[in-house]
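Working notes, structure below.
The values are calculated or read from the model by the stated rules, or taken from the named source; none is laboratory data. Remember, predicted model here, so these are calculated numbers, not experimental data. Note that each Cβ is placed from the backbone with ideal geometry, even for glycine, and that neighbours are counted across all protein chains shown.
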Amino acid sequence: MKVVLLDRDTIGPSVTITKPAFAHEWVEYGKTPAEEVAARIADADIVITNKAPVREASISDAPKLKMITVAATGYDVIDLAFAKERGITVSNVRGYAVNTVPEHTFALIFALRRSIVGFRQDVIGGEWQRANQFCFFNHPIKDLAGSTLGIFGRGTLGKSVAKIAEAFGMKVIFAARKGADKVEPGYTSFDEVLETSDIITFHMPLTPATRDMISLAEFQKMKRHPLIINTARGGLVNEADLVTALDEGLIGGAGFDVLTKEPPAPDNPLLTILERPNVIVTPHVAWASDEAMQTLWAQVISHVENFQKGAPTNVL
């Protein structure tokens, strides 16, 4: 049985890459451009990918392919419908990021809520020396206690974020689906979350229904000028409209770990505002604590081994 790992470099160097316990041929690539996927999986039985896309054309040219496992929770890199049509099992990893993503989310929240970046830049620039007193007040500082956190997405990560928020004395509300006719118990209407939140954070997949879920019309409803935090998927928030919202003072700041295209294209509007003290962009690393990545890999291999035993797990 041939197992092909398409993009080992997307998993940190601290991770020990264990391999399946059953007899197999292991082929590993650091990176695989989209145009090379078909050739590299042509005679594979099992494919492991993180971000290398496995689409219909590549699957069609891989007659032995029986399983694709994604080293991530999001599976938009896989043509799931065509894989199902071909009888190919597709699995993803779940729950591995229950600590790392919420912690990164709150790192962004704290840094922005207390203007850490702005004050650090000022100290480097000599503002403290020029202040002629023990402190200065160039940027806003606000407590988390008593503020309202609006969470979009009530899965494992959304709930973990909520637990941390409650420990800090925050009021937590979960947003109902956009355009929902009925608001289920435990949720708050989409528009009310926009209108009443001090901080908004996203923990949901990117789908046709959620793409550009937040654009200028939604920003204009944000009465409390919230911080916008996205550690989920690029594309949930319209990036050009996000810049407009910052320019017009509709929101207080933005902390993004994900962008619509990664790495960002030169014309990505967020690249023009990176020096602002109320903007933080990190390179899609919220998921990537050493502990989380090792857990992720152990789960990937367990799915491969379970499939080989005839008992596949985390099947999409």
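The set of residues in the range 101-115 that are surrounded by fewer than 20 Cβ atoms within 10 Å (Cβ to Cβ) and part of a loop (DSSP other than H, G, I, E, B) contains only ARG114. In the range 42-100, the residue that is surrounded by the fewest Cβ atoms within 10 Å (Cβ to Cβ) out of those that are more than 19 Å from SER302 (Cβ to Cβ) and of a type in the set (Asp, Glu) is GLU85. Looking only at the range 210-255, residues that are over 21 Å from the mean Cα position of the chain (by Cα), farther than 25 Å from HIS139 by Cβ and in a loop (DSSP other than H, G, I, E, B) come to 1 in all.
May I ask you to verify whether VAL258 is under 20 Å from ARG113 (Cα atoms), outside any strand (DSSP E or B) and either at pLDDT 95 or above or not assigned by TED's automatic domain parsing to the domain that holds LEU80 (or both)?
Working: under 20 Å from ARG113 (Cα atoms): yes; outside any strand (DSSP E or B): yes; either at pLDDT 95 or above or not assigned by TED's automatic domain parsing to the domain that holds LEU80 (or both): yes.
The answer is yes for VAL258.
Has the range 56-67 got at least one residue that is out of contact with any Pro (no Cβ under 8 Å at 6 or more places or on another chain), assigned to a helix (DSSP H, G or I), of a type in the set (A, V, I, L, M) and not assigned by TED's automatic domain parsing to the domain that holds MET222?
Going through the range 56-67, the residues out of contact with any Pro (no Cβ under 8 Å at 6 or more places or on another chain) turn out to be 56-66.
Next, from what is left, pick out any that are assigned to a helix (DSSP H, G or I): 56-60.
Narrowing further to those that are of a type in the set (A, V, I, L, M): 57, 59.
Now narrow it down to the ones that are not assigned by TED's automatic domain parsing to the domain that holds MET222: 57, 59.
Yes, the range 56-67 has at least one match.
When ILE214, ILE199 are checked against the criterion of being under 15 Å from ILE280 (Cβ atoms) and crowded, with 21+ Cβ neighbours inside 10 Å, ILE199 stands alone in meeting it. For LEU274, the conditions (1) part of a loop (DSSP other than H, G, I, E, B); (2) of a type in the set (A, V, I, L, M); (3) free of Cβ contacts under 8 Å to residues at least 12 places away in the same chain; (4) touching a helix residue (DSSP H, G or I) at 6+ places or on another chain (Cβ under 9 Å) all hold with the exception of (4). Of the set (1) touching a residue at least 12 places away in the same chain (Cβ under 8 Å); (2) part of a loop (DSSP other than H, G, I, E, B), all apply to ILE200 but (2).
Would you confirm, using the coordinates I've provided, whether ILE173 is touching a residue at least 24 places away in the same chain (Cβ under 8 Å), crowded, with 17+ Cβ neighbours inside 10 Å and within 19 Å of the chain's Cα centre (by Cα)? Explain how you work it out, then say what you get.
On the way: touching a residue at least 24 places away in the same chain (Cβ under 8 Å): yes; crowded, with 17+ Cβ neighbours inside 10 Å: yes; within 19 Å of the chain's Cα centre (by Cα): no.
So ILE173 does not fit the description; no.
Here ALA286 clears all of (1) within 19 Å of the chain's Cα centre (by Cα); (2) not in a loop (DSSP other than H, G, I, E, B) except the condition numbered (2).
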